[in-house]
Amino acid sequence: MTSKNTICLWYDGTALEAATFYAATFPDSRVGAVHRAPGDYPAGRQGDVLTVEFTVLGIPCLGLNGGPAFRHSEAFSFQVATDDQAETDRLWHAIVGNGGEESACGWCRDKWGLSWQITPRALTAAISDPDPAAARRAFEAMMGMRRIDIAAIEAARRG
């Protein structure tokens with residue numbers, strides 16, 4: 001690893017599977033080195049995949065197969081800024097359709113429990129509109145959504 005700061009994500013034996021999925025799903029993502037345990041450890045045996053170096057959207061990560069003791073939560077998420085509805089839908093459906101689950105306001109969780117915010121740039125622009133009424137309408141529209149519908153956000157923003 002060459003990065004001075006790397007996000008370490010804990011998995012229960014599935015770090016390589018998760019990293020491979022992320023690399024296939026998100027641009028500027030890849031799987032790097034796979035490190036095997038040099039000896040037995042509480043969550044595995046010598047030779048098992050211990051850590052996986054990978055990049056998600058240009059962010060260096062390390063997947064640690066640490067066992068079932070710790071689970072992901074919404075306290076940490078990747079926020080992915082999308083440029084259009086097609087990209088929003090593709091990423092949303094990739095995560096949810098691969099054993100994940102929908103949540104509210106553009107949030108979803110992958111099958112490993114990691115949270116993702118699939119956030120169209122149009123939504124960010126709408127809820128930060130200098131016209132407080134337009135921003136409020138867009139925000140209220142978002143509050144009723146799971147996957148973000150850009151056309152509905154833009155319609156709400158216009159009033």
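Any idea which of (1) modelled with pLDDT under 95; (2) in contact with a Cys (Cβ under 7 Å, 6 or more places away or on another chain) is the one Ile7 doesn't satisfy? It fails just one condition, (1).
Selection of the stretch 1-33 for residues being among the hydrophobic types (A, V, I, L, M, F, W, C), buried (at least 16 other Cβ atoms within 10 Å of the Cβ) and in contact with a strand residue (DSSP E or B) (Cβ under 9 Å, 6 or more places away or on another chain) yields Leu9, Trp10, Ala15, Leu16, Ala18, Ala19, Ala23, Phe26, Val31. Within the stretch 79-88, identify whether any single residue is in contact (Cβ under 8 Å) with a residue 12 or more places away in the chain and over 25 Å from Ile150 (Cβ atoms), and answer yes or no. No, the stretch 79-88 has no match at all. Check whether at least one residue in the stretch 79-89 is within 20 Å of Thr6 (Cβ to Cβ) and either of a type in the set (Ser, Thr, Tyr) or in contact with a His (Cβ under 9 Å, 6 or more places away or on another chain) (or both), and report yes or no. Checked the stretch 79-89: no residue is within 20 Å of Thr6 (Cβ to Cβ) and either of a type in the set (Ser, Thr, Tyr) or in contact with a His (Cβ under 9 Å, 6 or more places away or on another chain) (or both).
Checked against (1) part of a loop (DSSP other than H, G, I, E, B); (2) open to solvent by 50 Å² or more (accessible area, probe 1.4 Å), Ala86 passes all but a single condition, namely (1). Answer yes or no as to whether Val80 is assigned to a strand (DSSP E or B), buried (at least 16 other Cβ atoms within 10 Å of the Cβ), among the β-branched types (Val, Ile, Thr) and more than 14 Å from the chain's Cα centre (by Cα). No: the conditions fail for Val80.
The values are calculated or read from the model by the stated rules, or taken from the named source; none is laboratory data. Note that this is a predicted model, so its numbers are computed, not measured. Cβ coordinates were reconstructed from backbone atoms using ideal geometry, including for glycine residues, and neighbour counts include every protein chain displayed. Accessible surface is based on the protein model in full, side chains and every heavy atom, while ligands, DNA and RNA are left aside. Shrake-Rupley method; radii C 1.70, N 1.55, O 1.52, S 1.80 Å.
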